[in-house]
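Just so it is clear, none of the values below were taken in a lab; they were calculated from the coordinates. Just so it is clear, the model here is predicted, and its values are computed rather than measured. No Cβ is skipped: glycine too gets one built from the backbone with ideal geometry, and neighbour counts run over all protein chains shown.
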Amino acid sequence: MVAKITENKPYNKLSLEYMGVLMDGVEDCDSEEENKYKGGVEAYHLTDENGHVPLSIKSDMTVEYFESMSNSWDNAGNKIKELAENGRN
């Protein structure tokens, strides 16, 4: 996806708005297929809950992408947790 950052609050929230897709190294921001997703939002939010910091994710997506994106976020979440607990090495 090609997106612009619409909100950036370090250690709290990051929001993105979809602008297009990247296919074979070329940005597509104008095709009929891309226009289905243009304007969609993806947001990441951290909260502090008594020393635990859950990450919540909200995303505009169609049903056919849900399983793939959920798996990707699970993998990314595990990596983020590992880095947060063990440092950046």
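Miscellaneous remarks
- Taking the range 40-62 as the range and being surrounded by 11 or more Cβ atoms within 10 Å (Cβ to Cβ) and among the hydroxyl-bearing types (Ser, Thr, Tyr) as the test, the residues that pass are 44, 47, 59.
- Only one of the listed residues (11, 65) is part of a helix (DSSP H, G or I) and either exposed (fewer than 12 other Cβ atoms within 10 Å of the Cβ) or of a type outside the set (Lys, Arg) (or both). That residue is 65.
- Residue within the range 31-39 that is of a type outside the set (Asp, Glu), free of Cβ contacts under 8 Å to residues at least 40 places away in the same chain, assigned to a helix (DSSP H, G or I) and surrounded by 10 or more Cβ atoms within 10 Å (Cβ to Cβ) present: yes
- Taken over the range 40-60, the residue count meeting the criterion of being under 19 Å from residue 72 (Cβ atoms) and in a strand (DSSP E or B) is 11.
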